[in-house]
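Read through the structure below, which is laid out as structure tokens, and then see the notes.
The values are calculated or read from the model by the stated rules, or taken from the named source; none is laboratory data. As the structure is a computational prediction, the values presented were derived from the model and not from experiment. Backbone-built Cβ (ideal geometry, glycine too); neighbour counts: all protein chains shown. Keep in mind that these areas ignore ligands, DNA and RNA; they rest on the heavy atoms of the full protein, side chains included. Shrake-Rupley method; radii C 1.70, N 1.55, O 1.52, S 1.80 Å.
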Amino acid sequence: MVELPDKRTAFIDWYLAVVEAANLSDKRYGIKGMNVWTPYGFRARRNLDRVLVREIEATGSQGVEFPALIPATEFAKEKEHIKGFDAQVFWVTKGGATELDVPLVLRPTSETAMYPIFALWVRSHRDLPLNVYQIVNTFRYETKTTRPFVRVREIHFFEEHTCQLDEARATERVRSNLGAFRRMAASLALPYLAVRRPKWDTFPGADYTIAFDLPLDGVRTLQLGSVHHYRDNFSIPYGIRYEAPDGSTHAVHQTTFGLSERLLGAIVGAHGDQRGAVFPSEIAPYEVVIVPVVAGAGGTAVARAAEDVAEELRRAGRRVVLDDGDERPGAKYFRWELAGVPLRLEIGPRELEHGQLTSVDRLGRKASVARASAPADVARRLEELDAELVRRALDGLRSAIAPAARLEELTGSKQVRVLGWCGDEACGHEVERAIDGALLGTPEEPLPVPFAAPTSCIACGRTDGVRTALAAQPM
RNA sequence: GGGACUGUGGGGUAGCUUGGUCCAUCCUUCGGGGUUCGGGACUCCGAGACGCCAGUUCAAAUCUGGCCAGUCCCA
């Protein structure tokens with residue numbers, strides 16, 4: 001009976017209400033930023049993981065799993081890296097009552113867990129490339145406000161780590177990751193901006209970072225994930241070296257690619273509406289909900305038909321939930337819409353009589369379909385829904401981008417602003433002060449809306465060496 | 001790191017200023033019964049809370065202190 005807060009004027013309240021009402025996550029665990037995956041949310045997570053695994057393995061990556069604890073001595077080997085994470089690691093300092101001689105870090109990310117082992121695995125050029133990924137939980141002592149999926153202390157983390165022969169091959173791997181992410185995002189019906197971060201916002205220890213940003217409805221911009229080129233910054237301190245055919249030895253060049261359950265938050269934030277969550281079919285915990293409309297006595301035939309349809313769809317590989325509880329149909333519609341199920345099939349005496357089903361997608365589009373062709377029709381309607389979600393999200397992204405020619409235009413802006421930047425850090429920070437946010441960086445791929453390339457730096461006015469840059473308020 | 005604020009059933013709340021009228025209000029939720037059932041049904045019965053520990057007091061949800069948890073602002 002509770003109305004959701006308004007998505008446009010109270011986004012955060014709306015987001016939290018949807019996550020709770022859709023029963024995706026239980027935040028009552030009692031440790032800040034550590035939430036419980038509910039059965040419903042866990043289904044979404046498993047579907048997300050399946051997409052990530054499918055796409056990364058298609059690029060020749062293999063799954064591995066490293067331990068969660070890292071000896072402090074290993075953690076400290078790369079100076080920039082430890083500086084970047086020092087303030088937000090959880091430490092394990094005792095075993096039982098005994099103080100540990102070497103304290104252990106609960107991984108905030110796994111470079112320092114993996115790379116000593118990579119040094120053992122990589123001996124020859126024949127061992128390269130080494131492309132491995134893992135999906136594990138990582139831990140960061142976040143001091144700011146945490147939000148389910150979007151900012152948490154226990155992160156459900158996808159991380160690919162690779163070792164390549166040289167700088168150029170590592171660059172190729174970065175390209176390959178950008179392609180993999182394009183396909184992953186397509187499965188989530190999410191558009192995004194691929195942006196090369198400025199030096200001061202590069203991942204600790206990386207040579208450069210390309211991040212994927214999604215502005216949410218003129219609210220704030222969410223980073224969906226990132227790809228990093230490490231050059232030999234880690235391989236030298238960790239001794240990851242190989243012998244080339246000519247007998248010379250070289251440090252490998254490395255890349256990483258990181259994503260998390262934040263993608264689920266992005267799906268809620270990007271696709272959700274005033275009626276609740278909206279899941280694209282690949283991620284949806286259930287793709288189809290079947291609601292039998294059982295009026296009075298004729299009920300058993302309807303109930304049996306609903307079970308038959310559910311069974312038939314399941315055999316066709318669909319994730320189906322049959323809601324045969326004794327609530328009234330309207331209450332069921334309401335709940336499943338809140339939960340974001342893409343497609344609802346109604347079956348009652350009317351449908352039974354005509355050998356039909358009534359199908360209503362999550363955007364409210366209604367159709368009558370022959371019961372005999374239900375699996376094919378469901379497949380088609382889910383595709384149509386996904387396509388429409390992409391269209392809407394892309395429209396949203398386009399309208400969230402606007403050019404800016406003067407610093408004053410940035411003040412209070414909720415959009416991603418396209419501007420000219422000379423590349424100087426000082427000018428970058430001026431932009432960040434003006435927009436009270438971040439200079440996201442320079443677009444790595446064409447923007448979804450074409451803009452005339454800026455000719456002068458928005459901060460200092462210089463015209464030489466000017467590049468197109470983006471600024472926004474990150475979430 | 002500095003500061004401000006908050007904590008009442010599963011969720012949201014009233015009560016707190018001025019201690020007693022509180023075996024704690026209302027909505028929702030949950031269990032059971034009946035009537036219902038094509039867009040959040042109605043009704044009857046029932047369940048469920050003062051974050052924790054100490055203190056002040058004849059008396060504490062209410063005042064004080066500590067702790068725990070959370071939120072916001074600033075660096």
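What the table shows:
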{"read-out": "Selection status of A:Asp13, closer than 30 Å to A:Arg335 by Cβ and under 18 Å from the mean Cα position of the chain (by Cα)", "value": "no"}
{"read-out": "Condition check for A:Ala251: at pLDDT 95 or above and surrounded by 24 or more Cβ atoms within 10 Å (Cβ to Cβ)", "value": "no"}
{"read-out": "Some residue of segment A:279-291 being assigned to a helix (DSSP H, G or I) and either open to solvent by 20 Å² or more (accessible area, probe 1.4 Å) or within 15 Å of RNA strand B (Cβ to nearest atom) (or both)", "value": "no"}
{"read-out": "Failed condition for A:Gly396, given (1) more than 16 Å from RNA strand B (Cβ to nearest atom); (2) crowded, with 20+ Cβ neighbours inside 10 Å", "value": "(2)"}
{"read-out": "Test: residue in segment A:7-26 that is at pLDDT below 90, basic (Lys, Arg) and either within 16 Å of RNA strand B (Cβ to nearest atom) or exposed (fewer than 15 other Cβ atoms within 10 Å of the Cβ) (or both)", "value": "yes"}
{"read-out": "Some residue of segment A:331-340 being of a type in the set (Ser, Thr, Tyr), within 12 Å of RNA strand B (Cβ to nearest atom) and within 27 Å of A:Asn23 (Cα to Cα)", "value": "yes"}
{"read-out": "Criterion violated by A:Met34 - all others in (1) within 8 Å of RNA strand B (Cβ to nearest atom); (2) out of contact with any Ser or Thr (no Cβ under 9 Å at 6 or more places or on another chain) satisfied", "value": "(2)"}
{"read-out": "Filter result (closer than 19 Å to A:Asp324 by Cα and of a type in the set (A, V, I, L, M, F, W, C)) within segment A:338-373", "value": "A:Leu338, A:Ala339, A:Val341, A:Leu343, A:Leu345, A:Ile347, A:Leu352, A:Leu357, A:Val360"}
{"read-out": "Of all residues in segment A:135-150 being surrounded by 17 or more Cβ atoms within 10 Å (Cβ to Cβ) and in contact with an Asp or Glu (Cβ under 7 Å, 6 or more places away or on another chain), the one that is farthest from A:Leu48 (Cα to Cα)", "value": "A:Phe139"}
{"read-out": "Residue that is without any contact (Cβ under 8 Å) to a residue 40 or more places away in the chain, away from RNA strand B (no atom under 14 Å from the Cβ) and under 29 Å from A:Gly41 (Cβ atoms), where the choices are A:Arg318, A:Arg304, A:Arg365, A:Arg381", "value": "A:Arg381"}
